[in-house]
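Reading through the structure tokens given below for one structure.
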Amino acid sequence: MIAPDYCEPIVGWRSWRALIRDGDAYLASIFHRVRWPYAQPLEGSCESWHVPWRRRQSHTAPGSDCPCGIYAATFDVACSFAPVLPPRARNVYAVIGTVALWGDVAEYSEGWRASYAYPEELYLIEYGSHRSVETKAFARSLERYEVPVVTIHAGRRRDVASALRAAA
């Protein structure tokens with residue numbers, strides 16, 4: 001019998017886009033077309049591009065020689081990746097938060113990659129001019145993830161870290 005390396009999940013930070021489609025609010029990766037499910041973990045898979053004529057080796061995420069997996073980073077790195085939205089963006093929001101990682105977890109220079117993840121706490125970012133009525137309604141819709149959802153105000157991306165510190 002092999003003992004696990006960690007007894008509890010590793011907690012890191014990450015950024016998402018939050019979208020509304022057909023009245024349904026959900027979190028989405030900012031780099032891949034991945035929708036985070038409600039009340040169940042996201043399972044990592046290998047979505048890495050490989051040259052078409054080379055045989056693709058099937059493996060579970062995160063692969064040791066592959067950049068695949070569900071990413072989480074340190075606080076400062078995640079803040080630097082907070083999505084910047086167009087000024088008149090409708091039905092799309094920027095979100096940053098903590099995420100629990102478990103299963104196979106690989107450490108890299110700016111954080112971790114894991115085989116399973118689920119949000120622990122979400123911060124809905126209001127940039128610049130506030131659309132507070134819409135944002136409050138959207139924050140309530142994100143409660144389907146069954147985690148705390150807090151709205152923060154940041155004038156620009158560089159203000160996200162200080163807004164998070166003030167909210168804590």
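Annotation: Cα Rg of the stretch 113-168 relative to the compact-globule expectation 2.2 N^0.38 Å equals 1.23.
An ellipsoid equivalent to the stretch 65-168, defined through the eigenvalues of its Cα gyration tensor, has semi-axes of 26, 16, 12 Å when rounded to whole angstrom and sorted largest first.
The stretch 68-112 and the stretch 135-168 have their alpha-carbon centroids 14 Å apart.
Throughout, read-outs are computed from the coordinates displayed, never taken from laboratory work. As the structure is a prediction and not an experimental result, all values here were calculated from the model.
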